[in-house]
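I have placed the structure first, in the form of structure tokens, so that the comments after it can refer back to it.
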Amino acid sequence: MGIQDIIEGKKQWRAHMARVKALPPDYQIVYKEMQRYLFKVGPVDLTDGNLLSEMVDFFEEGVASGRGVLELIGDDVAAFCDDLIKDSRTYADIYQESINGKSGTAEK
């Protein structure tokens, strides 16, 4: 990865976060909780994919239609995130595999 790639990535991230900051406060809070959760246990390719941008798109549509953020995702942010990434390889999967490998079991 060259310096130009790094600079471009930072520009894109700043533009993304500017969109988040333009959301109403309740949407911002939920987005940040989702982001925190996904960075912790989310898909390995989270930063390479469009999941976070798609979430902002989804939230912007919710704002435009006058719906509250919890109307869109429900009361359980973690369950909503888990559903989003259910078919993706996650850091939690890698961690579980490393534990199973060390203990000699292959069960989940």
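The values are calculated or read from the model by the stated rules, or taken from the named source; none is laboratory data. Owing to the predicted nature of the structure, the values given are computational and were not obtained by experimental measurement. Glycine gets a Cβ as well: all are built from the backbone with ideal geometry, and neighbour counts include every protein chain shown. Heavy atoms of the whole protein, side chains included, go into the accessibility calculation; ligands, DNA and RNA do not. Shrake-Rupley method; radii C 1.70, N 1.55, O 1.52, S 1.80 Å.
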(message) Using helices alone, I'd like the mean residue ellipticity at 222 nm for the chain: each DSSP H run of four-plus residues gives -39500 (n - 2.57), total over residue count, nearest 500.
(response) -22000 deg cm²/dmol
(request) Go ahead and set up a Gaussian network model of the chain, Cα springs under 10 Å, then flag whichever of Ile29, Ile94, Ile73 fluctuates most. (result) Ile94
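What ranking do 81-92, 15-26 get when scored by the average of other Cβ atoms within 10 Å per residue, highest first? Write out the running numbers ahead of the final one.
Working: 81-92: 14.5, 15-26: 12.3.
Those peptides, ordered most packed to least, come out 81-92, 15-26.
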(message) Compute a Gaussian network model of the chain, connecting alpha carbons closer than 10 Å, and tell me which residue from Glu61, Glu33, Glu97 fluctuates the most.
(response) Glu97
(request) Quick one: angle between helix 3-21 and the longest Cα principal axis of the chain, in degrees between 0 and 90, rounded to 10, please. (result) 60
(message) Using amide H atoms built in the peptide plane, which far-off residues or other-chain residues are under 5 Å from Thr90 H to H?
(response) Val44
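After finding the eigenvalues of the alpha carbon gyration tensor for the chain, what semi-axes result from the square roots of 5 times each, listed largest first in whole Å? All intermediate terms of the calculation are to be shown ahead of the outcome.
Details: eigenvalues 167, 88, 17 Å².
They are 29, 21, 9 Å, listed largest first.
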(message) Student exercise: in the chain, how many lysine pairs 8 or more apart or on different chains have Cα atoms under 21 Å apart?
(response) 11
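What percentage of the solvent-accessible surface of the range 1-61, computed with a 1.4 Å probe over protein heavy atoms, is contributed by carbon and sulfur atoms? If you can, show how the numbers build up before the last one.
Numbers: 2270 of 4070 Å².
So the carbon and sulfur contribution to the accessible surface is 56 percent.
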